[in-house]
Structures are given as structure tokens and as C-alpha cells.
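Quick one: this structure, given as C-alpha cells, is what I'll be asking you about.
The values are calculated or read from the model by the stated rules, or taken from the named source; none is laboratory data. What you see is a predicted model; the values in this text were computed from it and never measured. Cβ placement follows ideal geometry from the backbone for every residue including glycine, while neighbour counts extend to all protein chains displayed. Side chains included, ligands, DNA and RNA excluded: accessible areas come from the protein's heavy atoms. Shrake-Rupley method; radii C 1.70, N 1.55, O 1.52, S 1.80 Å.
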Amino acid sequence: MKVYEAINWGAKELKGVCDNPRLEAELLLAHCFKINRTALFLRREEEVSKEQLERFLEFINMRKSHIPYQYIVKKQCFMGLEFFVDENVLIPRPETEILVEEALKRLKRGDVVLDIGTGSGAIAVSIAKYFPDCTVYAVDISKKAIEIAKHNAEKQGVLDRIFFIESDLFCNLPPNLKFDFIVSNPPYIKKREIELLQEEVKKEPIVALDGGEDGLFFYKKIIREAPFYIKSGGKIGFEIGYSQKEEVTTLLEESGFKDVEIIKDLAGIDRVIIAEHKL
Ligand code: GLN
């Protein structure tokens, strides 16, 4: 079978499975060849070896069972950086880049930053990479996530500026440590809405999605404890789900946070909330 024939076959198999079957078939075949899509086109008349065809078949079958493309190729781009991902971590989303960009705008030299629920390390690693003059602490309850985040930090050359700690929120942080900036993209899907999610999303770790009955479980916990871990004048920034703006604003104000700012995503949905802790 030639390359173009394999693509045609893969595209047909993926019809109805994803929005762009041909593109995904091309990308998956390119991944088998360890080349990019453009290079694959140049080789479209070439024969696909038996081993490559077997791998391709395996990838197409994975995709047909709704395993996200990113878990098959084991990578996702975030803030222009390549992150290793597998089923132990949430796939970083473009919306989350807004949180990182807004944090970067507000950071000051020497700041100490905390990323809660770091997952793949997307937020922590990007902040360390694009704001070299800061120290980052990154926590996650999942040991496997911490290992992946460390790997990603190493790949980006920022491992020496991020302290990774396996921790349920603030639990295992060094005592008396206070932060200038706390960031988090916590799980915020309402428990009963998880069933309704796209099949692909349901392949992501449930601990990274489940925000409890009202979707606010982690905002409540983090915001209640944050005043003990944040410097006066320090900031907190979250990614939020649609329609969570009012509730999270109230939680923040009840906990002594002021100057609440909301930033919308490209779709016009309230996506990021930032506030300052003032005594
Ligand atoms: N911080 C990671 C991200 O934004 C993981 C978030 C999560 O698992 N909820 O991609």
C-alpha cells in the first residue's frame, strides 16, 4: 500500500469519529514515519512498510475508540512549547494560555509563584520559561502528573526553577512559604455534567475534570485557604468555566480579595479571573 492509499483508507475509517478525518489520518501516518505532514506529502507515492502499516492501523483503531489524538502522539503544543502528555494528565487547552498570558503581564521580578494542580506542567513550565526571573512551585495530587510535569520542565530547560511537590492543594508545601502569585486551572466541571462530555474528554483523568456537585469544589477550597499562603498585595488567578464568574467573584470577595478582573476568551466567554489580596 502506498502512502496516499493509506491516507485515503485512514480518512475513511475516521469518518464520523472526528471533525477532520483526512487531516488526522495524515497526521497519524506522518507520526508513524516520524516526519511532519508536509514531508509526508512529498513521499505520497512511496510504499508503506509492513511495520508502519501495523502501527498506523493501531493508531487508527485507538482514534476510533475515541482516544484523543494528543494521547496517541503523546504531545500537545501550549504557549508555543511542546508538552509530553498521556492519559495521566489533562491535555492543555488553548484557553488556558489566556491565564498564563495574564499572569505573565502582572508578574514582577523575583516573584514566587504557585501553580495548583499542575497536571502536565503547562502553566508552571510556561511561566518559568517566559518569565525567567521568578521561582515557581507546582503541586499536584497525582504522582504520575508530577513526573510528567518534571519531564516537561526538563525538556524546556526550567527544571532548576520549579519545585514540584506531590500535594493535595496546599498540604505538603514548605511551612511559612508565601506566594506573590497563585495560579490554577482546577477541575471545574459539575459532576453530573461529566457524563455529557465528548467521548474524547472522558478519556482524560477524572480527577482533572470533576469539580464536585456545583463545579466549584476546588475554587472554594483554594480560595478559603489562599489567604494563609499569599503575600499582602499578592494575586490569584484562575481559569473558570462558563457561567462561574459571579460565584467565583463572590468567593474571592468573601475571602478578602479585591479588584476582581475578568478576562474573556476568543469565543467571548468569561475564562480567567484575577484578584488581589489586600489586608
Ligand atoms: N494545569 C493543567 C492545565 O491547565 C492541568 C489542569 C487540570 O488538570 N485541571 O492544563
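Taking Cα centroids, how far is the stretch 47-90 from the stretch 236-253 in Å?
34 Å
Right, something else. Compute the distance in nm between two label points, each set 7 Å from the Cα along the Cα-to-Cβ direction, one at residue 144 and one at residue 197.
1.5 nm
Something else now. Taking the dipole about the Cα centre of the stretch 8-107, with the C-beta of Lys and Arg at +1 and of Asp and Glu at -1, give me whichever of 71, 60, 99 is farthest to the positive side.
So the residue we want is 60.
Still on this structure, I have one more. Please report the relative contact order for the chain, taking Cα pairs under 8 Å with a sequence separation of at least 6, and give it as a percent rounded to a whole number.
13 percent
Run through the DSSP bridge list for the chain and note the antiparallel percent, rounded to the nearest 5.
Counting DSSP beta bridges with both partners in the chain, the antiparallel share is about 45 percent.
Where nothing but the Cβ of Lys and Arg (+1) and of Asp and Glu (-1) is charged, how large is the charge dipole of the stretch 151-212 around its Cα centre, in debye to the nearest 20?
About 140 debye.
With the cut-off at 1.5 for a/c, could you classify the stretch 90-138 from its C-alpha gyration tensor as rounded, prolate or oblate?
The shape class here is oblate.
Starting from the 7 Å offset along Cα-to-Cβ, what nm value, one decimal, do you get for the label separation of residue 58 and residue 104?
Between residue 58 and residue 104, the simple spin-label model gives 3.7 nm.
Counting only DSSP beta bridges with both residues in the stretch 61-219, what percent are antiparallel, rounded to the nearest 5?
Antiparallel bridges: around 20 percent, rounded to the nearest 5.
Mind checking the dipole of the chain: about its Cα centre, +1 per Lys or Arg Cβ, -1 per Asp or Glu Cβ, Debye to the nearest 20?
420 debye
Continuing with this model, one more query. Taking 25 Å as R0, compute the FRET efficiency from the Cβ-Cβ separation of residue 166 and residue 232 and round it to 0.05.
For R0 = 25 Å, the calculated efficiency reads 0.30.
Could I ask something else about it? Choose one of 243, 201, 156: the residue whose Cα lies farthest towards the positive end of the charge dipole of the stretch 138-279 (beta-carbon charges +1 Lys, Arg; -1 Asp, Glu; about the Cα centre).
So the residue furthest toward the plus end is 156.
If one puts a single equal scatterer on every Cα of the chain and applies the Debye formula without solvent, what log₁₀ I(q)/I(0) results at q = 0.09, 0.10, 0.12 Å⁻¹?
-0.47, -0.57, -0.78
Mind checking the dipole of the stretch 190-279: about its Cα centre, +1 per Lys or Arg Cβ, -1 per Asp or Glu Cβ, Debye to the nearest 20?
Dipole size: approximately 320 debye.
Let me ask something else about it. To one decimal place, what Kirkwood hydrodynamic radius in Å is obtained for the stretch 194-279 from all pairs of distinct Cα atoms?
After inverting the mean inverse Cα-Cα distance, the result is 14.0 Å.
To continue, here is another question. Considering only DSSP beta bridges with both partners in the stretch 70-139, what is the antiparallel share in %, to the nearest 5?
Antiparallel bridges make up about 45 percent of those DSSP assigns within the stretch 70-139.
Could you work out how much longer the chain between residue 225 and residue 43 gets when fully extended? Use 0.36 nm per residue separation minus the Cα distance between them, nm to one decimal.
Here the segment from residue 225 to residue 43 would lengthen by 59.8 nm.
A follow-up question, please. What is the Rg over Rh value, at two decimals, for the stretch 148-240, using alpha-carbon atoms and the Kirkwood definition of Rh?
Ratio value, two decimals: 1.02.
Express in nm, to one decimal, how much length is gained between residue 133 and residue 214 on full extension, taking 0.36 nm for each residue of separation and deducting their alpha carbon distance.
Fully extending the segment from residue 133 to residue 214 adds 25.4 nm.
Same structure again: Whole number in Å², please: accessible area per residue of the stretch 177-239, 1.4 Å probe, ligands, DNA and RNA not counted.
Dividing the accessible area of the stretch 177-239 by its residue count gives 45 Å².
Another question, then. Considering only protein heavy atoms and a probe of 1.4 Å, how much of the accessible area of the chain is carbon and sulfur, as a whole percent?
In the chain, the share of accessible area belonging to carbon and sulfur is 53 percent.
In whole Hz, what ³J(HN,Hα) sequence does the stretch 135-152 give by Karplus (6.51, -1.76, 1.60; θ = phi - 60°), x for Gly and Pro?
Here the 3J(HN,Hα) series is 10, 10, 10, 10, 10, 7, 6, 9, 4, 5, 4, 4, 4, 5, 4, 4, 4, 5 Hz.
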